[in-house]
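Q: What follows is a single structure, and I will ask about it in a moment.
Derivation of every value follows stated rules applied to the coordinates shown; laboratory data play no part. Quick caveat: nothing in here was measured; it's all calculated off a predicted structure. All Cβ positions, even for glycine, are placed from backbone atoms using ideal geometry, and neighbour counts span all protein chains on display.
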Amino acid sequence: MPSTETVRRQRTIGGTLGVAVLAFALFYHFFPGLMHVQPHQQVTGAPLRGATTTMGFDQRPQGGAQMVSEVDAGPPLMLASAAVIAARRKDKTPETPLPDQKTPDSPEMTALLDRADKALAADRLVGGKDSAASLYLAALKDNGDSQRATGGLDEVRARLVAEIEQDIALGDADAARDSLAALKPLPSSATDMAPLQQKLAILERVRPLLGKAATLLQQGKADAPQGESALDVYRQVLTIDPENAVAVQGVIQVQRAVLDRALAAVAQNDFTAADTALAEAATIQPDSQALQDTRGRIEGMRRQSGAAMLTQARSALDSGNIELAQQLAGKAQQVSPDLGGIDEFNERMTNAKLYASYKPGQVFADRFVDSTGQAPAMVVVPTGTFLMGSPDGERGHDANESPLHDVEVAKGFALARSAITIGQFRDFVRASGYVPQSQSLQGGSIYDEQSGGLRDDSAATWQDDYAGRPGQDKLPVVNVSWNDAAAYADWLSKRTGKRYRLVSEAEFEYTLRAGSTSRYWWGDGAPTVRVENLTGSGDRSPSGRRWSNAFSGYRDGFWGPAPVMSFSANPFGLYDMGGNVSEWVADCWHDNYVRAPRTADAWVNPGCGRRVVRGGSWGSAPDMVRSAYRQGADAQTRSARVGFRVVREL
């Protein structure tokens, strides 16, 4: 029977490549922090998560803290001495009382037992007549019920069992086999022999597999090719030995290799490949801390990369490069689908495409580029679709409002909040030198209080109010022709560098209705609140005249135009769309909507002389205030009931 010293020498010089690989893997298992790996579970006897540690060893408590017992201190179980391991097990296993000693130990027996205890303390367990096992057996031969001899022999057996398990865990089958041979002749060893022999047999079976797996890892075949990878071999080992620590750590190492691929892919901004690697790593160990940590790192890098791309997209959008902004935003959302700020950016993108970065309902005014001053305040109108015209059954319906047809307003535009005022038109005339047709063609129309109707007046001009008196700046300009209105829009375009024009007929009806489908934008009957400057039965002229055809029960307090924006805005934020003054639009007059555009573009025939007037006025009968009402007039017509407003293209 070999001595303990002989066994140790065999362990030192008898290692093979497989043993070295397995020992490295065990180190990898117990000291994962040195290799950037988190173990999937606590190792028995290792410090608890969160405790202060150095190289995996417990720190002794400081000051008045309770001291840790010797058997609970030190390195992890498989790296501790056999004595410590045996003591831990003894501490956790109910102790069987030794039989009562009937014959006391003689002085010679005591001396023999003292020698045996010293051999045990020196770890000379077996082999030779001076080993602890031989001395305790000799003592039992002299006194069979000696408790010291029986207890000492139990300790020898416990340490041998611990050594054998260490040898098996380290993959040292030769040392385990020698120790088993030493254990066999000891009393009461049969119970320990069978499981140890079974573990040794399993070790003999898995050693070549573990060596193969280590070689595959070195060759970079961690998880591929399928069926011939280190992962496949480690899993094969675990089917044979589910508790094999080396195979368990090998699987963790394979997963780390896959996770490293994921991180490498992220470094190349290839998040698709990173996601593929993460999914593969999840099939290896779905609940590992390493997987969760890597996912968190990649998610942080994903958000960072997506945020950087989104910042670039914002810059591109600010510079007007919508196509590049859309590409960058698409990549940002692909990298990080739940990226913060993407919804706000998409809204900006939509607004940029449809509204030139404005928002529906937004009010703005362009400043002149060549002098002080600014254009009229404009309201951004939202895109949409509506039914243009009126149905045959609508009260007041005219054939020129048919057929009822769908119109799509696909591009946003901005419409003046109110009709152009006398003050605004005066700025145009002074700055441009333009001569309005009420002056060049001498005259317009004015309201005649005596007759209660309009009459021509050769002295009337755009500077007058509806009755021919000097007009206030806030009143809508009247007695302007279509040509005058178009000239004003052209002048704004030159002064601002933006595209201004007259509103199209479709745009006017769309904004007048503001989402409604009723006769008027406020409903089907007479208004119950002050909504527009209309012909109301409660209104009176300066001389007490009443309207012969008016909205019953309505009174707005004005006879003639009111200062612009004196009433509430419609749902699109526009004022005086259905009353105050009727307005010129860009379209040529057509007798009906047959072959009318299905877009919001103006329907224009080159050289046409008649244009369209839309919207009700201060003197319009209720049927003429309907949202669908339209009329044609010569482009040179000047009337005390007709003004205009402009569109600014976005």
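Q: Could you tell me whether region 318-459 comes out rounded, prolate or oblate from its Cα gyration tensor? Rule is a ≥ b ≥ c as square roots of the eigenvalues, rounded for a/c under 1.5, then prolate if a/b exceeds b/c, otherwise oblate.
A: Cα axes put region 318-459 in the oblate bin.
Q: Using the Cα gyration tensor of region 457-592, with a ≥ b ≥ c the square roots of its eigenvalues, what is the shape: rounded (a/c below 1.5), prolate (a/b larger than b/c) or oblate (neither)?
A: oblate
Q: On average over all directions, what projected area in square nanometres does region 222-358 have, based on the convex hull of its Cα atoms?
A: Result: a mean projected hull area of 9.4 nm².
Q: Once the piece of chain linking Ser541 and Gln219 is laid out straight, how much longer is it, given 0.36 nm per residue of separation minus the C-alpha distance between them?
A: Using 0.36 nm per residue and subtracting the Cα-Cα distance, I get 105.7 nm.
Q: Normalised by the number of residues in the chain, what is the relative contact order in percent for Cα pairs under 8 Å and 6+ residues apart?
A: This gives 10 percent for the chain.
Q: While we're looking at this one, here's another question. Nothing charged except the Cβ atoms of Lys and Arg (+1) and of Asp and Glu (-1): what's the magnitude of the dipole of the chain about its Cα centre? Round to the nearest 20 debye.
A: Approximately 1180 debye in magnitude.
Q: Under 15 Å Cα to Cα from Lys102, which aspartates and glutamates show up? Leave out anything in the same chain fewer than 8 places away.
A: The reachable aspartates and glutamates, counting only those whose Cα sits under 15 Å from Lys102, are Asp142, Asp145.
Q: Separate question: List the residues of region 354-391 whose backbone N lies under 17 Å from a point placed 7 Å from the Cα of Glu408 along the Cα-to-Cβ direction.
A: 354-355, 382-388
Q: Just to confirm a number: summing +1 for Lys and Arg and -1 for Asp and Glu over residues other than Ala247 whose beta-carbon lies under 13 angstrom from that of Ala247, what do you get?
A: Combined, the nearby Lys, Arg, Asp and Glu give +1.
Q: Please report, to one decimal in angstroms, the Kirkwood hydrodynamic radius of region 301-355 built from all distinct Cα-Cα pairs.
A: The Cα-based Kirkwood calculation yields 10.7 Å.
Q: On a C-alpha basis, how far is the centre of region 485-522 from the centre of region 192-212 in Å? Whole number, if you could?
A: So the two Cα centres are separated by 90 Å.
Q: At a Förster radius of 56 Å, what calculated FRET efficiency corresponds to the Cβ-Cβ distance of Arg115 and Asp287, to the nearest 0.05?
A: About 0.55, to the nearest 0.05.
Q: To continue, here is another question. What's the ranking of 557-569, 391-403 by average number of surrounding C-beta atoms within 10 Å, highest first?
A: So the peptides 557-569, 391-403, ranked by packing, come out 557-569, 391-403.
Q: Compute the projected area of the convex hull of the Cα atoms of the chain, averaged over all viewing directions, and report it in nm² to one decimal place.
A: If I average the Cα hull's projected area over directions, I get 50.9 nm².
Q: Roughly how tilted is helix 17-30, in degrees to the nearest 10 and between 0 and 90, from the longest Cα axis of the chain?
A: Taking the Cα atoms of the chain, the angle to 17-30 is about 60 degrees.
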